[in-house]
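What follows is calculated from the coordinates using simple rules that are stated; it is not laboratory data. All of these numbers come straight from a predicted model, not from anything done at the bench. Don't worry about glycine lacking a Cβ; one is built from the backbone with ideal geometry, like all the others, and counts go over all protein chains shown.
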Amino acid sequence: METNVLRHYELNYPIKSQSWVGDMDYIGNIKLISSPMLAVFSSAKCPASLILKAHDYAKEIRDGKTGIISGFHAPAEKEILEVLLKGTCPIIVVLGRRLENARLPLIWRVEIEKGRMLIISPFKEYQAHVKKEMALKRNDLAAQIAGRVLVVYASEGGSLHGRVEQWKTNGIEVSYLA
């Protein structure tokens, strides 16, 4: 699959906060970036009961018109993605690493071919692992594109907990699953 570059001046994508402006690599249906989106996030250490709630919520929304955007990195986010892939709603994956030479799962490639999935990355440099700063930038970008965030779980004092307050200050609507 071919990687494309979206120049920040080429498309008026709906970033609510103009603190992020830059080029992104992408694979998939770039028109999805203009669709109504909900960003979904969770801390990595999420109670099992909330992962089950996230699973049930994903089942409710997987065939809707609103798209879901996330890094799909934390266990609860991965669970949501697994359920969404069985539906029809638009999905945007924001990678926490560069897109060039990324190995995409077969199911993602199938959904990209169907036109319902977009993979984006603002990162250009190779990193062996997703670092905290990259994960924060990834989540900020997803939140800014969507303008609305659903938090499955945010650990007290964790990175996500701190970001939630920043997003609220920037006018991004934040709600909680629990």
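Summary table
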read-out	value
If the convex hull is drawn through the Cα atoms of the chain, its volume per residue in Å³	109
Global form of the range 86-165, assessed from the alpha-carbon gyration tensor, a/c cut-off 1.5	oblate
For the chain, size of Cβ-based charge dipole, Lys and Arg +1, Asp and Glu -1, in debye	60
Cross-link table K53/K168; K78/K114; K31/K168; K78/K124; K59/K124, entries beyond 31 Å C-alpha to C-alpha	K59/K124
DSSP beta bridges in the chain [antiparallel fraction, %, rounded to 5]	30
Additional length obtainable on full extension of the chain from T169 to E133, 0.36 nm per residue less Cα span	11.0 nm
